[in-house]
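> Take a look at the following structure, please.
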Amino acid sequence: MTNTPSSSAMSATLAAPAAGGPWGLFGRRKSASKPPEETDAKRVQFNSRLLPYLFLAPQMAIIFVFFYWPSVQAIHSSFYLEDPFGFGSTFVGLANYTDVLKSGEYLGIARFTAVFTALVTFFSLAIGLLLAVKADGVIRGNATYKTLLIWVYAIAPPVAGLMGMMMFDQHIGPLVKFAAFFGWDLKVGLNYNDTAFAMIVVSVWKQIPYNFIFFLSGLQGIPVSVREAALMDCRSGFRRFWTVILPLLAPTAFFLLIINTTYALFDTFGVIDVMVKDKAANNPITLVYKVYMDGFRGNDLGGSSAQSVILMIIVFVLTIFQFRFIERRVHYN
Amino acid sequence: MAAINITNVSKIYAGGVEAVKSVSIDIADGEFIVLVGPSGCGKSTLLRMVAGLEAISKGTVEIGDRVINDVEPAERDIAMVFQNYALYPHMTVYNNLAYGLKNRGTPKAEIDARVAEAARMLEIEQYLSRKPRALSGGQRQRVAMGRAIVRKPAAFLFDEPLSNLDAKLRVSMRGEIKQLQKRLGTTSLYVTHDQLEAMTLADRLVVLNGGQIEQIGKPLDVYHTPASTFVASFIGSPAMNLLRGTRDGNQLHFGSQVLDLGRAPAFPGQVTVGIRAEDLRIATPGEQALTLKVDYIEELGAQRLVHGTIDGKKLTASLSPEIEIGETMPLTIAPERLHFFDADTGKRLAQPFAVSEGKRVERLEIAGA
């Protein structure tokens, strides 16, 4: 979650302290009269060397305590076999990794995770975009319309999972009845594919409002005159969308792609937990849920740590890939 | 290329606000028409209705004998240049120019040729592979012009295209637009709030006020015979002086000051008198004069604007810089240079000195009114 584009804006110029300047400890902003294209205008100069580090310290402390420290712990324990009852641990080298990577079950879950992530990311982005484009065109009562669409975002993931369970309940679930209408005997919790289907639907549903908000604000950031120019240059609304609107939304879409990938990989935990609780055996789960199962249910801290390290590497590689190969095609204005 | 006929066009917004009130303009093929007026006079709304960006509430717009009220903007055979350029930020200059042609299925070779021609005309050849953000304001404006030119449309629509440029660039671009339009001979409709821009560019001016046409005419005709006090004060810089006067026989009274017209003009006692600043001159000794109490002066180099009051009413005179400025100055004006407007309606009254011995009150027939 540290991949937000704003992180680049945090770069500050650390200037040498001005000799006894009247501004004392506090820095002053350089005049921002230059046009926004020039990155210079956003730079801040500090008169004290320590001050910028002091300002950064709380953020750094949080990152260190909640990210680096646990990561180091995880890497450390992934090389040990922990006693389930906490009576010491044995160094086993890469055995935890080889065990995991040789396990057919693990590879199956990895495959499902890939499919799950791809589908959830795709559908939540696509539907969010579609709704945003439609909402953008609504003139009358659009505030109500937008509020109704954003509402879902306020629901916590486990609650969303619970509501999803209700929708897919074998006896009272309206979606099960709906599926039955088409002759589909939907058995969530029993049938692997049906459960996967329900999991994807609930995860997508949960994420749509988030994407909707960002796409909508992105759409409203496109200058009206550019749309009007396109109106005169291109008759087909569909073609206008693909050639003008979508490219101008690309920065938003790229940001959302990363956020949604992370969401599908990690934040769907709550949804999955509610949907497969106590009957994970034959049901699809993602890699994160597997880490939790092995670590906290199976008490295999070493194996679980090895899995988290693998997951960390996957996300790392994925993010680098996204920035290297996809961001190049993004036009930032 | 085509004529544009705007017939009784109105724009009524939800809530009943009438932004444009039954406007009719006939634009000949190849003519350069400038719509000018203050903010909120409906000039942009009118242009946007022709462009198809606003629905036409009433009336019809024809481009080349085709009623285009319900035609899609892209099908109207027009091109528009926007105030803030409205270039596609993610496309190169080449693609910005080519986009409209590509969407119309123009063959690649022809697109290349047309873009090259427009780029050469506008001297933007070396920027074709750049994105708009790497261009200066003037260059962006040229690209926006280029985008209109390559389409070879029946008409150009300009929506205050020079407002975002600095003063110097504005003057040079103004000249270029005029030249380009003459060279291409494309019918043009141009919106501006800058009366100087309007004067210099237009074949014919359309002065709008409150959604209605005040006057249509050639720039100099509008300048020399403004149809109303509104036009008189809007067109020309400095604005025409407008003073309340009372006619008494041969004399025109401005409060305590008197100007002898030498002849009794045929209009009611109370009138609004219009005086162009440059028509005032220093009275020679013994000549009848209005006494101007000088407040301050503005140096323009070639002339000097003297601001002051006669009998408490503001007056501006444009004088040669050689003339010495005193605290008060005797000014005079040839009676035939005076403009007379109805004191109540502000409409122009017949020029009493152009009509031979005429005693009748006559309203000038005003084009479009």
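> How far apart, in nm, are two points set 7 Å out from the Cα along the Cα-to-Cβ line at residue B:169 and at residue A:238?
Reported label-point gap for residue B:169 and residue A:238 is 4.0 nm.
> Where q = 0.08, 0.15 Å⁻¹, what log10 of I(q)/I(0) comes from the Debye formula for the range A:109-329, counting one point per Cα?
Calculated log10 I(q)/I(0) at the listed q: -0.36, -1.05.
> Now for a different question. Accessible area of the range B:1-115 with a 1.4 Å probe: how many percent of it is carbon plus sulfur?
48 percent
> Still on this model: Once ligands and nucleic acids are excluded and a 1.4 Å probe is used, how much of residue A:267 is accessible, expressed in Å² to the nearest 10?
Around 80 Å² of this residue is reachable by solvent.
> On to the next question. Provide Rg over Rh for the protein assembly as shown; use the alpha carbon set for both Rg and the Kirkwood Rh (inverse mean inverse pair distance).
1.15
> Here is a follow-up. Quote the Stokes-Einstein diffusion coefficient, in whole µm² s⁻¹, for the range B:146-265, based on the Kirkwood radius over alpha carbon pairs, a temperature of 25 °C and a viscosity of 0.890 mPa s. All intermediate terms of the calculation are to be shown ahead of the outcome.
Working: Rh = 17.0 Å.
Translational D for this selection: 144 µm²/s.
> Put A:151, A:205 in order of accessible area, largest first, 1.4 Å probe: what do you get? Spell out each step's value before the answer.
On the way: A:151 165, A:205 90 Å².
My answer, sorted largest first, is A:151, A:205.
> From the phi angles alone, apply the Karplus equation (6.51, -1.76, 1.60; θ = phi - 60°) to the range B:62-78 and give each ³J(HN,Hα) in whole Hz, x where the residue is Gly or Pro.
Here the 3J(HN,Hα) series is 10, 10, x, 6, 10, 6, 10, 3, 10, 8, 4, x, 5, 9, 7, 6, 9 Hz.
> Residue B:8: net charge of surrounding residues, Cβ under 14 Å, Lys/Arg +1, Asp/Glu -1, itself excluded?
Taking every other residue near residue B:8 into account, the sum is 0.
> What list of whole percents do you get for P(r) of the range A:137-260, with Cα-Cα distances grouped in 10 Å bins up to the one holding the largest distance?
The distribution over the range A:137-260 is 11, 29, 27, 22, 10, 1, given as percents.
> Counting only residues 5 or more places away or on other chains, whose amide H sits under 5 Å from the amide H of residue B:59 once H atoms are built in the peptide plane?
B:10
> How much net charge surrounds residue A:306 when only the other residues with a Cβ under 11 Å from the Cβ of residue A:306 are counted, with Lys and Arg +1 and Asp and Glu -1?
Working: positive: none; negative: A:99, A:294, A:300.
Value of the local net charge: -3.
> What quantity of accessible surface, computed with a 1.4 Å probe and excluding non-protein components, is buried in total between chains B and A, in Å² to the nearest 100? Display every interim value, and only then the final one.
On the way: alone 17000 and 20730 Å², together 35640 Å².
Approximately 2100 Å², summed over both chains.
> Roughly how many Å² of residue A:324 are accessible to a 1.4 Å probe, to the nearest 10?
140 Å²
> Okay, moving on. Name the residues of the range B:60-76 whose accessible area falls by at least 20 Å² when all protein chains are present instead of the chain alone, probe 1.4 Å?
Buried-area filter returns B:72, B:73, B:74, B:75.
> What trypsin sites (Lys or Arg not before Pro) does the range A:135-227 have in DSSP loop regions with at most 10 other beta carbons within 10 Å?
Working: sites: A:140, A:146, A:177, A:187, A:206, A:227; in loops: A:140, A:187.
Sparse-neighbourhood loop trypsin sites (Lys or Arg not before Pro): A:140.
> What translational diffusion coefficient, in µm²/s and rounded to a whole number, does the Stokes-Einstein relation yield for chain B at 37 °C and a viscosity of 0.692 mPa s, taking the hydrodynamic radius as the Kirkwood radius over Cα pairs?
Taking Rh from Cα pairs, D becomes 143 µm²/s.
> Sticking with this structure for a sec: Sort A:292, B:99, A:53 by heavy-atom solvent-accessible area, probe 1.4 angstrom, most to least. Write out the running numbers ahead of the final one.
Numbers: A:292 60, B:99 10, A:53 135 Å².
Ranking A:292, B:99, A:53 by accessible area, largest first, yields A:53, A:292, B:99.
> If ligands, DNA and RNA are left out, what is the accessible area of residue A:79 with a 1.4 Å probe, given in Å² to the nearest 10?
Accessible area of residue A:79: about 60 Å².
> Give the residue from A:107, A:230, A:286 lying farthest towards the positive end of the charge dipole for the protein assembly as shown; charges sit on Cβ (+1 for Lys and Arg, -1 for Asp and Glu) and the dipole is referred to the Cα centre.
Most positive-ward Cα: A:107.
> Next question, about the same structure. Can you give the helix-only mean residue ellipticity at 222 nm for the protein assembly as shown, where every DSSP H stretch with n ≥ 4 adds -39500 (n - 2.57) and the sum goes over all residues, rounded to the nearest 500 deg cm²/dmol?
-12000 deg cm²/dmol
> Then there's this: Given a 1.4 Å probe and heavy atoms of the protein chains only, how would you sort A:166, B:240, largest accessible area at the top?
Solvent-accessible surface, decreasing: A:166, B:240.
> Quick one: Debye curve from the alpha-carbon atoms of the range B:1-134 only, equal weights, vacuum; give me log10 I(q)/I(0) at q = 0.11, 0.13, 0.16, 0.18 Å⁻¹ to two decimals.
-0.52, -0.70, -0.96, -1.08
> With a probe of 1.4 Å, find how much accessible area the protein assembly as shown has per residue, and write the answer as a whole number in Å².
51 Å²
The values are calculated or read from the model by the stated rules, or taken from the named source; none is laboratory data. If you're wondering where the values come from, they're calculated on a predicted model, not measured in any experiment. Don't worry about glycine lacking a Cβ; one is built from the backbone with ideal geometry, like all the others, and counts go over all protein chains shown. For the accessible areas, the whole protein counts, side chains as well, though only heavy atoms, and no ligand, DNA or RNA atoms are used. Shrake-Rupley method; radii C 1.70, N 1.55, O 1.52, S 1.80 Å.
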